[in-house]
Number of protein chains: 2
Amino acid sequence: MVRPVRIELLTTGTELLLGTTQNTHGAWIGQRLLRMGLRISRQVTVPDGQAVGDAMGAGLAEGDALIVTGGLGPTSDDLTRESLAEVLGLEMIEDEAAMRTIEEFFASRQREMAPANRKQARAPVGADILANPNGTAPGLYLPPRLSGSFNCAVFLLPGPPRELYPMFEAEVVPRLRALSGIEDVPDFLELKFAGVGESDFHQGVDEQLEVIDGLEHGYCARPGEVDLRLMGSPCAVLEARRLVEKSFGQELVSDDGSVLEEVVVRKLMDQGKTLAIAESCTGGLIASRITDVPGSSEVFHYGFVTYANQAKRDLIGVIGEDISEHGAVSEPVVCQMAEGALQRGDADLAVAVTGIAGPAGGNKEKPVGTVFLGIAERGRETRALKQFHPWGRDVFKRQVSQSALNLVRLALGG
Amino acid sequence: MVRPVRIELLTTGTELLLGTTQNTHGAWIGQRLLRMGLRISRQVTVPDGQAVGDAMGAGLAEGDALIVTGGLGPTSDDLTRESLAEVLGLEMIEDEAAMRTIEEFFASRQREMAPANRKQARAPVGADILANPNGTAPGLYLPPRLSGSFNCAVFLLPGPPRELYPMFEAEVVPRLRALSGIEDVPDFLELKFAGVGESDFHQGVDEQLEVIDGLEHGYCARPGEVDLRLMGSPCAVLEARRLVEKSFGQELVSDDGSVLEEVVVRKLMDQGKTLAIAESCTGGLIASRITDVPGSSEVFHYGFVTYANQAKRDLIGVIGEDISEHGAVSEPVVCQMAEGALQRGDADLAVAVTGIAGPAGGNKEKPVGTVFLGIAERGRETRALKQFHPWGRDVFKRQVSQSALNLVRLALGG
C-alpha cells in the first residue's frame, strides 16, 4: 500500500541567501523524488546558525519526512546535528564506527585529521549513521519514532553535491521507499528530443497523452531541445511512448538520459566514422560540446573556427567570390565550408554553420538570428538548411549548436 | 537611521519543487539585496495552490517585509493575489489603471486580450499597483499598515525573470530602502581574480581584511577564478581594495563585474590587436568563450581545434618528430602550436593549449590533468607553462580555458 508522504526539504547555508551560491539541491532532489512518484511539499532555506533549529521544528511539525542538507562540516557554524538533538531533546554521543570512518578517510589521503573533525562523529542516540565515501561528514537518519509526537523521519545530509548525491541514492531512496510503502516504483521514462519544440507537442500529441489512464507527463524545454517525462503504470508509459514515437520518432534523441553530443559521439564510434566541424557564428561551441564527451578524440580530429572571411578562405577553401556575391551567411558558403572541412579534416562527415549571432551585423534581408547549416558526407550530396533564432547571442549559439549536432545525428541514421 | 529588516522570500511554483525548473530567484534577489546591505532571512518554496496562503501567513508573522514571486498569471492555479487578500481579510477590487495597462499591453502587440487576463487587474483595496512594462501581470505592494498586526510590507511580483528583475529594481528597491531607513547605501565592490585561489587569500590577506573596521567581505570561488565581495563604508572598502591590490594586483581581472573573456576582448580592441587560438584538450571552449562576447569578431578571426596529432601538423605546422619525441602534451609542441596559430592565423597574439582531460590517456609521467599552455606574440619570445588540474573533464576544460585567457590578459598588460 502506498501512503502519501509529505516531504519537507530544508537547505541550510548563508551563501544560498546571499546569492553567491546557486541553490541546486532543490531541483536535483525534486527530480530524484519525482522518479519514485514522490514530491517535495515545501522547500525552505535558512542561514547557518540559530535559524536552522527553528526551521527544523517547523519541518518536523508539517512533514512525514524532513530532509536537511548542509551544516555537517567541522567548523563552528555547522550546527545541524546539535540543533536537531536540541529540538528533539535527544542526547548526543560520539559514534565509534563513524569516528573510525572519518579517521580512515584522512589516513587514506595521507592527511592529518584536525581536532575539529571529531564533532562530525557525534550523533543523537538511536540515529543511523549514513556512510559518506566522498567526504568527512557522515549523514544521519532518525526513524519516525525518535521524533516522538512529530512522528517524522529525519535525514541530515552533507551539502557538497559530490557527497550528497551518492548518499541520497544509497541511503535516502531505499528508506523513503520503505516509509511510503512504495514497492513497485512507477515506471519513469525521460525522452529527449531535438529539432522540435514544446508547442509541437501541444498541437496534437499532448491531448492524446492527457487521456491515457494512469499516466502523468510533463515537459522541460531548452533552446533546441525538449525533454518529455512520462510516469505511471508500465502499460501507460509504454502506450505513451508508442504514441509519441509515432509522431516524433525522428526527433527522439535518447531514452536513457544521454544528451545529444553523447548520442552523436556514440553513433560515430559505432559506425567507425570521424566528424570534422567548421564553425563561424558558434565560435567553437559545437566542437567544445563534442569534446565534452569522454573518448571523443577517437571520432573528432579537426575543428575549424573560421570567424573571419579570410579564415573561411584559408582554412577550408571557401571561394572568395562566393562570399562577395552571396555574403558569408549564405547557402553556397555554408556548403563550401562543410565540403572544405570534410576534405581538409580528412573526415567521413562534416558539419558547418555560418550566421549572425548579433547584436550587430544584421540587415533587412538577413536579420540577426539568421543562420545557415550545412552537412557534407563522403559519397553523398552536400545539404544545407536555413534557420532563424532571434533570441539573443547566448541562446542563438546554443540553439545553432543543437541544430548542427542534430543534423549530424540524423545523417548517421537518426 | 538604519533599522534591521527581516526579509522573507516566498517563491511559488510547482515546477520549482518537481525540479524541472531551477529556482534562480533566490540567488538573484539575494545578490541585489546584498548590494543594499540587506539580506534574505528565509526563503520558502511552495507549489501553486492552497499552500501559498499558508506560507504567506508564516512569512507575514516572521518578516518585516514579505516578497512573493510567481502566481500572478491569468490561469486558474495563479492564486497569489486572492490568497493574500484572504489571509489579511482584505476586499479585492478591479483596479482601473491596472486594467488599462493590461489592455494597452495587448493592443500594442496587436493581440486580443483573453477574458482570463481580467483577473490580473484585481487588487486588495489600498494596495499600490506596480507597473510591468514586460508582461501582463502587474505587481502589487501593500504597505505595512495594510497587514494590521503583522505590520509587514508585502510585495507580489511576477515569476518570469525578464518581468521580475526590472520591477524589482524600479519598484522594490526604493521601497525597501525607505522601509529600512537606508539613505547611504553602503559601498559594494566585487573584484574578480584569475590565476589565484581562495586559499591564497586565506594565507595572509584575509586576516588583514578581518580587522578593517566596518568592512564585510566574502569569497566565491569557481575553477580558475575567485570573486571577492567587499561591502561597508566607502573608507573601509577603499582601504580593503588597496590592501588586496598590493598582494594580488596582477591577478585582478575586473572591478565592474566583467568576466575574463570580456576583459580580454576589450583589451584586444583597445590595442587594435587580433588573437588566434589553437586548442587541443579544451576542444573549442576557449574560442567559444571569446565569441560569447559581442563584437569579438573584430579581434578574433582564426581558431584551430587540433584534437588529433595529424591536425596539429596539418593546420598549424607542428613538427611530427617533436610529437614522437616529446609527446603531444609537451612544451615544444605547445610552443609550436602557439607559433603556428600566430602565423597561420595572421594574428598579433596566439594562445595554445595541449593536455590530458581524461578519464583516459594519462600515464605515470603525465597523469590525467596535465596541461601545457603557450603564448606567442609578434616580436617576443614564445613562453610556455605547465599546470596540473586533476578534477575531472568538465572542471579541467573550464580551468584550462581560464588559465589560457588569463595568459592572454597578462600578455596584453594585465
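Coordinate-derived values only; no laboratory data. Model, not experiment: these values are computed from the prediction. Note: ideal-geometry Cβ built from the backbone for every residue, glycine included; neighbour counts use all protein chains shown.
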Seminar exercise, completed: Placing each pseudo-label 7 Å from Cα in the direction of the beta carbon, B:Ser247 and B:Gln50 end up separated by a distance in nanometres of 5.6
For this session: Tell me the GluC sites (Glu not before Pro) within segment A:130-206 that lie in a loop according to DSSP and have at most 13 other beta-carbon atoms within 10 Å.
Result: A:Glu183
For this session: Scan chain B for the residue whose Cβ is closest to the axis carrying it onto chain A, then write down that distance in whole angstrom.
Result: B:Gly284, 2
Seminar exercise, completed: Note on segment A:262-411: contact order normalised by length, alpha-carbon pairs under 8 Å, 6 or more apart, percent, works out to 24
For this session: Have a look at B:Gly257, B:Leu412, B:Pro174 and report the one farthest towards the positive end of the charge dipole of chain B, computed about the Cα centre with Cβ charges (Lys/Arg +1, Asp/Glu -1).
Result: B:Leu412
Problem set entry | Relative contact order of segment A:7-180, pairs being alpha-carbon contacts under 8 Å that are 6 or more residues apart, as % | 21
For this session: List the distances, in nm to one decimal, from the label point of B:Ala131 to the label points of the same position in every other copy, shortest first, placing each label point 7 Å from Cα along the Cα-to-Cβ direction.
Result: 6.3
Exercise. In segment A:1-94, which GluC sites (Glu not before Pro) fall in coil by DSSP and have 12 or fewer other Cβ atoms within 10 Å?
Worked result: A:Glu91
For this session: Using just the helices of chain B, give the 222 nm mean residue ellipticity in deg cm²/dmol: DSSP H runs with n ≥ 4 each add -39,500 (n - 2.57), and the total is spread over all residues, rounded to 500.
Result: -11000 deg cm²/dmol
Problem set entry | Square roots of 5 times each gyration tensor eigenvalue, C-alpha, chain A, largest first, Å | 51, 26, 19
Exercise. To the nearest 0.05, how large is the calculated FRET efficiency for A:Ala107 and A:Ala221 if R₀ is 51 Å and r is the Cβ-Cβ distance?
Worked result: 0.55
Exercise. Taking every DSSP beta bridge that has both residues in the protein assembly as shown, what percent is antiparallel when rounded to the nearest 5?
Worked result: 65
Problem set entry | Euclidean distance between Cα centres, segment B:349-367 to segment A:102-116, Å | 31
Seminar exercise, completed: Magnitude of the Cβ-charge dipole (Lys and Arg +1, Asp and Glu -1) of segment A:287-414 about the Cα centre, nearest 20 debye, reported as 420
Problem set entry | Contour minus Cα-Cα distance for B:Arg100 and B:Asp213 (0.36 nm per residue) | 35.5 nm
Problem set entry | Mean Cα-pair separation over length for chain A, i.e. relative contact order, pairs under 8 Å, 6 or more apart, % | 11
Problem set entry | Residue-count net charge about A:Asn134 - beta-carbon cut-off 10 Å; Lys, Arg +1, Asp, Glu -1 | 0
For this session: In debye, nearest 20, what is the charge dipole magnitude of chain B about its Cα centre with +1 on Lys and Arg Cβ and -1 on Asp and Glu Cβ, if you could check?
Result: 580
Exercise. Straight-line reach from B:Lys312: which lysines have Cα under 29 Å away, leaving out those fewer than 8 places along the same chain?
Worked result: A:Lys267, A:Lys273, A:Lys312, A:Lys397, B:Lys267, B:Lys273, B:Lys364, B:Lys366, B:Lys386, B:Lys397
Exercise. How large, in Å, is the protein assembly as shown by the Kirkwood hydrodynamic radius built from its alpha-carbon pairs?
Worked result: 29.5
Seminar exercise, completed: Of all C-alpha pairs within segment A:7-180, those more than 23 angstrom apart amount in percent to 35
Exercise. Across peptide A:286-296, how many C-beta atoms of other chains are within 10 Å of each residue C-beta, on average?
Worked result: 6
Exercise. Tell me, which longest segment in chain B has none of the trypsin sites (Lys or Arg not before Pro) that fall in DSSP loops with at most 13 further Cβ atoms within 10 Å?
Worked result: B:112-363
Seminar exercise, completed: Ordered by number, the GluC sites (Glu not before Pro) in segment A:312-382 that occupy a DSSP loop and have at most 10 other Cβ atoms within 10 Å are A:Glu365, A:Glu381
Exercise. Around A:Gly30, what is the net charge, scoring Lys/Arg as +1 and Asp/Glu as -1 over all other residues with Cβ under 13 Å from its Cβ?
Worked result: +3
For this session: State log₁₀ I(q)/I(0) for segment B:260-411 at q = 0.12, 0.15, 0.17 Å⁻¹ as given by the Debye formula over alpha-carbon point scatterers of equal weight, solvent excluded.
Result: -0.43, -0.68, -0.87
Exercise. Averaged across the residues of A:308-315, what count of C-beta atoms belonging to other chains lies within 10 Å of each residue's C-beta?
Worked result: 4
Problem set entry | Candidate aspartates and glutamates - alpha carbon under 15 Å from B:Lys192, same-chain residues fewer than 8 apart omitted | B:Asp200, B:Glu225, B:Asp227, B:Glu245, B:Glu251, B:Asp255, B:Asp256, B:Glu261, B:Glu262
For this session: Can you tell me the 0 to 90 degree angle between the C-alpha axis of helix A:331-344 and the longest principal axis of chain A, rounded to 10?
Result: 80
Exercise. Per-residue mean of other chain beta-carbon atoms within 10 angstrom of the beta-carbon, peptide A:30-37?
Worked result: 3
Exercise. P(r) of segment B:236-296 in 10 Å steps, Cα pairs, percent per bin?
Worked result: 19, 39, 27, 14, 1
Problem set entry | Given charges at beta-carbon only (K, R positive; D, E negative), |dipole| of segment B:7-180 in Debye | 560
Exercise. In nanometres, what is the gap between the two model label sites at B:Val259 and B:Met92, each 7 Å from Cα along Cα-to-Cβ?
Worked result: 4.1
For this session: Give me the distance in nm between label points sitting 7 Å out from Cα along the Cα-to-Cβ direction at B:Arg145 and A:Ala131, one decimal.
Result: 6.5
Exercise. What is the sum of charges around A:Ala221, taking Lys and Arg as +1, Asp and Glu as -1, for the other residues whose C-beta is under 14 Å from the C-beta of A:Ala221?
Worked result: -4
